[in-house]
Each structure stands twice: as structure tokens, then as C-alpha cells.
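Worksheet: one structure, shown below.
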Amino acid sequence: MTQTAVRVRFAPSPTGDLHVGGARTALFNWLFARQHGGAFILRIEDTDQARLVGQSIAGILESLRWLGLEWDEGPDVGGPYGPYIQSQRLELYQQHARWLVDHGYAYYCFCTPERLEQVRKERLARGEPPGYDRHCRWLPPEEVAERLERGEQAVIRFKMPLEGETVIVDLLRGEIAYDNRVLQDLVLLKSDGFPTYHLANVVDDHFMQITHILRAEEWIPSAPLHAQLYRAFGWEMPVLCHLPVILSPDGKGKLSKRHGATSVLEFKRQGYLPEAMVNYLALLGWAYDDKQEIFSREELLEKFRLEDVNPHPARFNFEKLAWMNQYYINHVLTLDELTARCIPFLQEAGLLPPEASDPASPAFAYAREVLALVKDRLKTLAEAPDLTRFFFTDVEDYDPSLLVPKKTEPAQVLQALERAMATLEGADFTSETDLEARLRGLAEELGLKAGQLFMPIRVAVTGRTVSPGLFETLRVLGRERSLERLAAAREKLASYLGTLAWSTPSGQ
């Protein structure tokens, strides 16, 4: 490329939600462009019409924006080299396919799917690799013209050289040489007038002035054809960099849905933070050193180097991602930021009203108090509703036996609950210190261990045996709700005691 400004592109196909592998490719492109003051282009490659999935483009845009990977040129922002959706550029591809035919670099192929399948079977039977036998490569021009005139369907195939080597240079792998004799005459333009990836990406990368191609490792076998296309057109080929594949956690194959969430939007729905996702994806194939694992976006822009990407496959580790997400929740987000991120999940669960989204609202302030108590237990934002439900709604029904700790009699607990209500009636619920002093004093007075008193109170006010700190919980719930729940627990336990007495035979 004669220009000096870096221009890279991320070119997904809208065949479903954006996979984390694609997101990692987009991230590396974005980092490289931003580091060099260049342009990051988003291009939608939708020429495989049979595999298109509705709303995929919207999902791709949402995923990239959620990750903070804003593009400089693309379908919705425009740019000097648009349109940026390939199905809107068909005439350009068709012109260049015909130019290749006219100049002897490509040819029309009239072979039917049935013939191609027969050729494939025969080659396999002879122990040869499957592929096209170049049957139409040497058809006389007159015959080709006549068949086209009759309206026979045809594709356009590229004429790969039959001798010599095609050498590509990969930024991470160096030179890779291919024997031209074993390379296929692949299709460039389909019979419906749509290009294949091979033609469309070469034409678009040239006219969009792309300087560096950072794409998935799976495209390495296609690179010789792309190199020959650039040569045929007389264009300079961009720098190639094929990024390592992302493997499943066990390393036995590519990461797929059967291993768990694999799409960016699914991780978003599960309550992962975009900051944590970007940090984790950056480490799939790249490392700054053997110590640092937490990188802000600014640090990634400073320290990431494309040349340091490891070409070997990287394993996806869900546990590591969860750890990193929890780290960001606990050590990076402020409490206000965490509250704002959790509120949509709490609203979706029916625990907060719409006005809670307003940071100035009482509902936001209350949610902030609640989330402060569970912040260190949250691994994902989606866990917030379950961990905090009892703060927003009535206590869910629970087994009354949970009110009775081990080595404690139900009658003791009933008395303890009654005394606790009297003790807390006069407590300062804004002071955790006062609440603790009163309840510890009561436990000593009743001759109980602290846990024997605290557990029934905890179950009474939360419906659970595990919750945030008891005194913090009482403070946030407040006097009225705490005492109401203690009264309900006392009645529940009294009824339970009655059931026990009724079920015990007399004389025993």
C-alpha cells in the first residue's frame, strides 16, 4: 500500500449473533487502528444469502457498541467508500468478475451440482482430494458465448496457476508457500450474480483502501487465491495477519454453543461487564507479560502489540472470565456505577419500578444501599435479583424448621424471637453498632450463643440461612419491615410447635 494511514476492517457475516471469536477479531482490529491513529471500518458481508439470519445486523451493531468498539466508517455512519453492506455493491463485483474473464484470469463454468457431486465421488474413489476437475477451463470461447446466449446458468471460477508456488506472508507466521498444482479453481461469482467471499473481500479491501487484514486463522487456506487475485488485478495486497482460533475449555475443538454461552449478547444477558469482556478477550492469544491480567482500555491501547499475538490456539476459560468479571464489579466499578448496571436486571425481575433508573430517585438510592451489601458476592449482574429479592418483596415462604438452629429447642427460639422483637422495638435502626450491641446483649441474657439467636432472626427477616451481614440487613430493611417479619416468624414457629405437639403421642 502506498498510503501511510492504517485502515483495518471487521467484516462479519449476519448469520447469527456475534461470536466471541469474532468479537476478539474486532477488538484486535480496533486496538491496532486506534494505536496508529487509523480508521476502523465495519463492513457487513451478506453475500451468502442462504445463511442470512434476520436481525443479525442489528445484533452485531449492538454487540460491538456494548463492547465500546465504535467504528469510523460503516453501514449506519457512512463514509467515503460506502456502501458498507456487500449486497448493495453487487454491480462492482460483477464488473470485476467479468474483467477477470475478459483478461484471461477467470472462466465461466457450466457444471451442474449433479456433475460436481459425481466428480467429487470419483476423485475420492481414486484416493484424490475432492475438488473441481477444471472441466470448463478450456472450453472454446465460441461455445462459452453460445451457452451464455442460450441462458445456461454459469458461475465464474478463477484460473489458478498450474505451476510454481504462491507464497503468502503472515505477520505472525512468516512465509507460507503453496504448490499451485494442488490449489483449486474456486468460484468467484455465483450463478445468481452474488460474489463469493473470495472476490468480494478482495474488491472491497482494495476500494476501501484497507492496509492490514486481521482475520481468523480459518482463512489461511484461502489466502493463496486472494494473493493471486491481487496479482491479477495489479493491486498491492494488504498486510495479512491471521489470528489464532479460540478453543473450547478442554482444548478438543473450537468453542461452540455446546460449551456454554458463546455470543456477545448472551454474555451481556448473563450480566457480564463489557470492560471485563474486553479485558478477557484481549488475553485470548495475547499477553503483555506473565504477571498482569487486569487491563483498562487505556492500558490495552498503550501495551497491546499485534506482533506479540501468539499464533497458537487459545482456550476459552469460563471460570477465568467469571473471576475477572467479579474483580471488575468489586474493584473497578463505583457503587453508583454498579447500581446503574444492576437496575435493568432488577427491573426485569419485577423488583424495581421504571423510575428507579433515575439516579435522583428514592428507588435508586434504596437499590444502592441494598447492592452495597452484596457487591462482594456478585459474579455477574444477573445474580443481583436472586441475592437481593427479599429486600424488595415479601419474604418467600420457608420451612419453619430453618428458624431452629442445631442444639436449640424450638421453644427456646420462640422465646428468643419474642424477646428480640421487644429489644429491637427501641433500637436505632440507622446504627448497626446499636443493633449489634442490643442483640449480643440479649443472647448473653438468654444464655444463648450469638449464632443461636442471630440465625432465627436472619431467617425471619430474609427467609434464608445465608444473607448479607445481619445488622446491615436490619438497617437497610428498617424497623417496620424487620419487626413485621419477626412477628410473622414468631407465628410461623408457634404454629410449627403446635404441629409438633399434636403429632407427638401422649405419654411420650
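The values are calculated or read from the model by the stated rules, or taken from the named source; none is laboratory data. Because the structure is a prediction, the values reported are computed rather than measured. Don't worry about glycine lacking a Cβ; one is built from the backbone with ideal geometry, like all the others, and counts go over all protein chains shown.
Evaluate the range 16-36: report whether one residue or more is more than 20 Å from Leu255 (Cβ to Cβ) and not in a helix (DSSP H, G or I). Within the range 16-36 (the criterion being more than 20 Å from Leu255 (Cβ to Cβ) and not in a helix (DSSP H, G or I)), the answer is yes, since at least one residue qualifies. Screening Leu148, Leu100 for residues that are in contact with a helix residue (DSSP H, G or I) (Cβ under 7 Å, 6 or more places away or on another chain) and either touching a residue at least 12 places away in the same chain (Cβ under 8 Å) or closer than 22 Å to Pro238 by Cβ (or both) leaves exactly one candidate, Leu100. Residues of the range 170-216 being assigned to a helix (DSSP H, G or I) and touching a residue at least 60 places away in the same chain (Cβ under 8 Å), which ones? Once the filter is applied, which keeps residues that are assigned to a helix (DSSP H, G or I) and touching a residue at least 60 places away in the same chain (Cβ under 8 Å), the range 170-216 yields Tyr197, Leu199, Ala200, Asn201, Val203, Asp204, Asp205, Phe207. Restricting to the range 231-254, give me the number of residues that are of a type in the set (A, V, I, L, M), touching an Asp or Glu at 6+ places or on another chain (Cβ under 8 Å) and within 22 Å of Val6 (Cα to Cα). Residues in the range 231-254 being of a type in the set (A, V, I, L, M), touching an Asp or Glu at 6+ places or on another chain (Cβ under 8 Å) and within 22 Å of Val6 (Cα to Cα): 2 in total. Do we have any residue at all in the range 41-51 that's part of a loop (DSSP other than H, G, I, E, B) and without any contact (Cβ under 8 Å) to a residue 60 or more places away in the chain? Looking for residues that are part of a loop (DSSP other than H, G, I, E, B) and without any contact (Cβ under 8 Å) to a residue 60 or more places away in the chain, one finds at least one in the range 41-51, hence yes. Taking into account only those residues within the range 52-91 that are in a loop (DSSP other than H, G, I, E, B) and of a type in the set (Phe, Trp, Tyr), which is nearest to Leu265 (Cα to Cα)? Among those residues, the one meeting the criterion is Trp71. I'd like to check something: does the range 338-353 contain any residue that is in a loop (DSSP other than H, G, I, E, B), under 16 Å from Gly271 (Cα atoms) and modelled with pLDDT of 95 or more? There is at least one residue in the range 338-353 that is in a loop (DSSP other than H, G, I, E, B), under 16 Å from Gly271 (Cα atoms) and modelled with pLDDT of 95 or more.
Assess whether Ala427 counts as being among the aliphatic types (A, V, I, L, M), in a helix (DSSP H, G or I), surrounded by 13 or more Cβ atoms within 10 Å (Cβ to Cβ) and on the phi < 0 side of the Ramachandran plot.
No: the conditions fail for Ala427.
Criterion applied to Val370, Val395 was being assigned to a helix (DSSP H, G or I), within 28 Å of Leu417 (Cα to Cα) and among the aliphatic types (A, V, I, L, M), and the one residue passing it is Val370. Within the range 386-439, the residues that satisfy the criterion of being closer than 12 Å to Leu493 by Cβ and charged (D, E, K, R) are Asp399, Glu409, Glu418. Among the residues of the range 485-500, none qualifies, meaning not one is closer than 19 Å to Val374 by Cα, modelled with pLDDT of 95 or more and among the acidic types (Asp, Glu).
Listed here are the residues, each with its yes/no results for (1) out of contact with any Gly (no Cβ under 9 Å at 6 or more places or on another chain); (2) of a type outside the set (A, V, I, L, M, F, W, C); (3) outside the structural domain of Pro274 (by TED's automatic domain parsing).
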position: Pro12; (1), (2), (3): no, yes, yes
position: Ala23; (1), (2), (3): yes, no, yes
position: Glu45; (1), (2), (3): yes, yes, yes
position: Asp48; (1), (2), (3): yes, yes, yes
position: Gly54; (1), (2), (3): yes, yes, yes
position: Glu62; (1), (2), (3): yes, yes, yes
position: Arg65; (1), (2), (3): yes, yes, yes
position: Gly68; (1), (2), (3): yes, yes, yes
position: Tyr81; (1), (2), (3): yes, yes, yes
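Out of the range 17-42, which residues are of a type in the set (D, E, K, R) and surrounded by fewer than 24 Cβ atoms within 10 Å (Cβ to Cβ)?
Selection gives Asp17, Arg34.
In the set (1) more than 30 Å from Leu214 (Cα to Cα); (2) crowded, with 19+ Cβ neighbours inside 10 Å, the condition left unmet by Met324 is number (1). For the range 441-478, residues that are among the charged types (D, E, K, R), outside any loop (DSSP other than H, G, I, E, B) and over 42 Å from the mean Cα position of the chain (by Cα) total 2. Taking the criterion of being surrounded by 12 or more Cβ atoms within 10 Å (Cβ to Cβ) and part of a helix (DSSP H, G or I), the residues of the range 303-317 that qualify are Lys303, Leu306, Asp308.
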